Every structure is written in C-alpha cells, then in structure tokens.
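Undergrad: Encoded as structure tokens, here's the structure I'll be asking about.
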Amino acid sequence: MTASLLVILLYLCLLPVISIMLARQPRKDLPPWAICLSLVATETSTLTIVSVPGVAYLKGYVFVGLAAGYLVGRIAVALWFLPLHERGATSIYRYIGQRFGTKLQKLLSGTFLITRLIAEGVRLYAGMIPVSMLFASMGYVVPDLLLLVLIVLLTLAYTVAGGLRAVVWSDSLQLGLYLGGSVACLAVIWSRAGVPPFHWAPVFSHGMPPFTDPFSMAGAVIGGAILALASHGTDQLMLQRCLAAKTLNGARAAMIGSVFIVGLLFALLSCIGVALRDLMPGQGARPDALFPQFILTLPPVLSGLLVAGILAATMGSLSSTMNAMAAATKADFLSRAKFSLRGLTVIWAGLLVLTALLFSRPNGSAVVFGLSIASYSYGATLGVFLLAMIGRSRNEKAAISGFISAVGALALMSFVRIEGHAIAFPWLVPAGVTATFAGAKVFSGLRRIGLKK
C-alpha cells in the first residue's frame, strides 16, 4: 500500500505544476478539444466514477441509455443556446438580465450557487472515501475534515494560480487518467475471470411505475434530453467552458463532442460494474462502495493510479465549480465591489468543505442523489431561459412569478410517491418548465384583468 500512496502523492505534486505551465502558454485561446474534455471532466465527477459501476452492477448498461438522451439535448444546446451568449462572458445569467432585469438575473445566479454548493459538497465527500479506505487498510485513521481540507487546498493551488485556463487543462489531464484507469481495471477483471469482461445486460430498465424510473426508455431518452438541455444550456458551470472558445463553431464542437466521450466513459464504467457480478457476488446492498472495495484488491501501483483517478475526478469537478461560482458571484452580485476572483474562490472553497460534512451520506446511489439535487433547480431555470427565448412578454415580475411557481411545484413533487417511489430526476426538469410557463401565464392574466398592479 506504500506504493499506492507514493503514486497518489506523485500525481498530486505534478498536476498543479503541469496545469499552470499549460495555462501560461503564449497561445491565448483554448482549443475546442481541450474545452470538450474539460466539459466531460466537470460533469462526470467522483459520483460518476464511484457510483456508475454500482448502478450497472444492479441494473446493467442503463447509463449508456441515458447518454442517448444527452446527445439529443446537447445538439439542441449547441444550435439554440450557445448563440445567445457572448464569447468570453463571465456569467451566462447576464442574458436573463438583459431580457428581463437584474432582479431575475440575481435570483437565477443565487439559485445556481446554492444548488451547486450542495451538489458539489456531495461529490467532494464521495471523492474522499477511497482515500480514507486506503489509509484504513494500512492501519491509519485520518479524520474526514483533514482529508477534505487537503483535497480542497491542492485544488486551490492551481485554480487560484492559473484561473480558468489552468482549470480546463487540469480537467483534460485528469479525464485522461480515469479513462485510462477504467481500461486498466477492465484488463485486470479479464485476467482474473479468464473470460472477456463484456456480458449482456439491459440498456434500459423496466418494471417500475411510470415517471419513477430514471433509466426507462422514456426517462433516459426524453427526460435525459431535457435534462441535458437544462444542465448544459442554463448552468454556469458548463457554459462557462464553452464561452471560453474563440468561435461559436468551436464552442459547438466542444459541446456535441463531449457527449460521445461521456458515452464512452459510461460504457467503460458500466462494463466494470456488470463484470464485477462474477468476481464480487452479493454486494448490491452498498453499490457505491463496490468499486472502491475492488480497487483496494488491485496491485499497489494500479490501485494508486485508480485512487488518483477518483481524486482526479473530484478535483476536476471541484476546481471547475469554485471557478464558476466565483465568476458568477463577482459578475452578478459584486460587480462594483473590490472583491477579487481569487478571494471569492477561497471563500467558496471553505463553504464547500463545510457542505461536504453536512451532506456526506445520502441514501442510495450518490450519483442519482446528485442529479436529483440539480434537477430541482434546472427545471425552473430552463423555464425562465425558454421564456426569454420564445416568450413575447418581457415582464420581469411575470418571469419571477413563473420561477417561484416552478420552485414551489418541484418542492411539492419531492413529497409525491407513486406506489412508494419518488418522481425520477429526468422528469423533474420538464415539470419545472411547465410550472414556470403556467405561473408566468397566470400572473400575466391576473394583471390584465386588474387583480395585479
């Protein structure tokens, strides 16, 4: 296990140095392929690496089916949403401010900050688990708080020093690490099982009540497409990368290309989960612990590389989040204040550590939990963007009423159960969009008949 720790330490030392060196190259514009890889590294995160094998262990290649819906949604984002924003813009919510007003702009930006803080806190804690397990296997008990602080400090090192360019380059490097680690893991499973680690398993699940299964054909393709429209069309974290592209065509290439790499990663991790049914039977009770447990059984160097890969996913998502949250805070709330982006990044880093401790142990799959958190705000946000794009009215109060209606409707939906099952996360977004339009329509109607002033 000492060799595993040495590999991890070497990675942690080299990553900030290489990222900052690449960020300081004379070339000013970021190439579309690097933005594409950064998008994938940002959206996948630790929850993907840790949880997707566990979901595949129980359900099969369902995340590959979800990627089909993602493809449809991202094509729509590339065609309709990316042209709305100026290249190099620091906040995507400026578009809403220009169409409706600054109050709604701040409301959407604040919602992004709160939901991203919670979702990233869950991701951060999940990324710490394999490191904690590795220390425990060597007889050391390291407090969670200490590990969380160390991970955040290391991520801050290149996020603050190199800015968005360093974040994009580090994301690209880290994605390569955990893609390669997944391939190596499949090779080990093949050698141990004696047969190729590719087994038949369903791409879509079935048998649950309507609107409760995120991996049914309708949930994955239709719900997944609308979810991608919201996550990549209205989320500062994702669009910030595309706005760093020099041209609109470059941004579009990065956006559409990212879904194919996501699909490849989902396929690799799903293959690992399905193949582990033979090597580790009866482990379905704790699906998120399945892959980390398997990693600890690997040869020390490979084990260290895979733990480093999980750390890579954690740090890639974390650096992107801190940078995006600092940029949104500065542009939407403190544009006239003297706060620096670096100082705001440090403040959000501290809040992320505290949030990780508060939201550290979700029930069920962590990746599904993280997607559910985001979906509660995505529906309302996407509804407002669509109002701005296709609605005739520019009434800010009506749009705010629609947004509040959507948030209220989604809050009520969190208590709804269909035969004991909650509404699946892909359906929360279209429900939020519908509630936004309905709320804005009702407000406008009441105003026309004189009940609103």
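The values are calculated or read from the model by the stated rules, or taken from the named source; none is laboratory data. This is a predicted model, so every value here is computed, not measured. Neighbour counts run over all protein chains shown; Cβ positions are idealised from the backbone, glycine included. Heavy atoms of the whole protein, side chains included, go into the accessibility calculation; ligands, DNA and RNA do not. Shrake-Rupley method; radii C 1.70, N 1.55, O 1.52, S 1.80 Å.
Undergrad: Somewhere in segment 420-435, is a residue in contact with a Lys or Arg (Cβ under 9 Å, 6 or more places away or on another chain), open to solvent by 50 Å² or more (accessible area, probe 1.4 Å) and farther than 23 Å from LEU239 by Cβ?
TA: Looking only at segment 420-435, we keep the residues that are in contact with a Lys or Arg (Cβ under 9 Å, 6 or more places away or on another chain), and these are 423.
Going one step further and asking which of them are open to solvent by 50 Å² or more (accessible area, probe 1.4 Å), we end up with none.
No, that holds for no residue.
Undergrad: Of the residues that sit in segment 157-209 and are at positive phi and surrounded by fewer than 14 Cβ atoms within 10 Å (Cβ to Cβ), which one is modelled with the highest pLDDT? If you could, list the steps in order and put the result at the bottom.
TA: Keep residues of segment 157-209 that are at positive phi, which gives 163, 194, 207.
Subset that is surrounded by fewer than 14 Cβ atoms within 10 Å (Cβ to Cβ): 194, 207.
Details: GLY194: 75, GLY207: 86.
Applying the filter and picking the extreme gives GLY207.
Undergrad: Out of the residues in segment 15-54 that are among the aliphatic types (A, V, I, L, M) and in contact with a Lys or Arg (Cβ under 7 Å, 6 or more places away or on another chain), state the one that is modelled with the lowest pLDDT.
TA: If we filter segment 15-54 for residues that are among the aliphatic types (A, V, I, L, M), which is where we start, we get 15, 17-18, 20-23, 30, 34-35, 37, 39-41, 47, 49-50, 52.
Narrowing further to those that are in contact with a Lys or Arg (Cβ under 7 Å, 6 or more places away or on another chain): 23, 30, 35, 39, 47.
Working: ALA23: 69, LEU30: 78, ILE35: 89, LEU39: 88, LEU47: 73.
Among residues in segment 15-54 that are among the aliphatic types (A, V, I, L, M) and in contact with a Lys or Arg (Cβ under 7 Å, 6 or more places away or on another chain), the one modelled with the lowest pLDDT is ALA23.
Undergrad: May I pose another question? So if I check each of PRO287, PRO299, PRO292, PRO362, which one is modelled with pLDDT under 85, under 24 Å from ILE8 (Cα atoms) and open to solvent by 20 Å² or more (accessible area, probe 1.4 Å)?
TA: Going through PRO287, PRO299, PRO292, PRO362 in turn, the sole match is PRO299.
Yes or no, residue by residue, for (1) surrounded by fewer than 17 Cβ atoms within 10 Å (Cβ to Cβ); (2) under 29 Å from LEU386 (Cα atoms):
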| residue | (1), (2) |
| --- | --- |
| PRO31 | yes, no |
| ILE35 | no, yes |
| SER38 | no, yes |
| THR42 | no, yes |
| ALA56 | no, no |
| LEU71 | no, yes |
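Undergrad: In segment 102-117, what residues are open to solvent by 10 Å² or more (accessible area, probe 1.4 Å) and under 20 Å from ARG394 (Cβ atoms)? Steps first, answer last, please.
TA: We begin by selecting, within segment 102-117, every residue open to solvent by 10 Å² or more (accessible area, probe 1.4 Å); these are 102-103, 105-107, 110-117.
THR102, LYS103, GLN105, LYS106, LEU107 - these are the residues of segment 102-117 that are open to solvent by 10 Å² or more (accessible area, probe 1.4 Å) and under 20 Å from ARG394 (Cβ atoms).
Undergrad: Here is a further query. Is it true that ALA136 is open to solvent by 60 Å² or more (accessible area, probe 1.4 Å), of a type in the set (A, V, I, L, M), without any contact (Cβ under 8 Å) to a residue 40 or more places away in the chain and out of contact with any helix residue (DSSP H, G or I) (no Cβ under 9 Å at 6 or more places or on another chain)? Lay out the reasoning, then the answer.
TA: Values: open to solvent by 60 Å² or more (accessible area, probe 1.4 Å): yes; of a type in the set (A, V, I, L, M): yes; without any contact (Cβ under 8 Å) to a residue 40 or more places away in the chain: yes; out of contact with any helix residue (DSSP H, G or I) (no Cβ under 9 Å at 6 or more places or on another chain): yes.
Answer is yes for this residue.
Undergrad: Before we move on, is ALA89 over 14 Å from LEU386 (Cα atoms), among the aliphatic types (A, V, I, L, M), open to solvent by 10 Å² or more (accessible area, probe 1.4 Å) and assigned to a loop (DSSP other than H, G, I, E, B)? Full working, then the answer.
TA: Working: over 14 Å from LEU386 (Cα atoms): yes; among the aliphatic types (A, V, I, L, M): yes; open to solvent by 10 Å² or more (accessible area, probe 1.4 Å): yes; assigned to a loop (DSSP other than H, G, I, E, B): yes.
Yes; evaluated as a whole, the condition is true for this residue.
Undergrad: Among residues belonging to segment 396-433 that are more than 22 Å from the chain's Cα centre (by Cα) and in contact (Cβ under 8 Å) with a residue 60 or more places away in the chain, point out the one that is farthest from SER372 (Cα to Cα).
TA: GLU396
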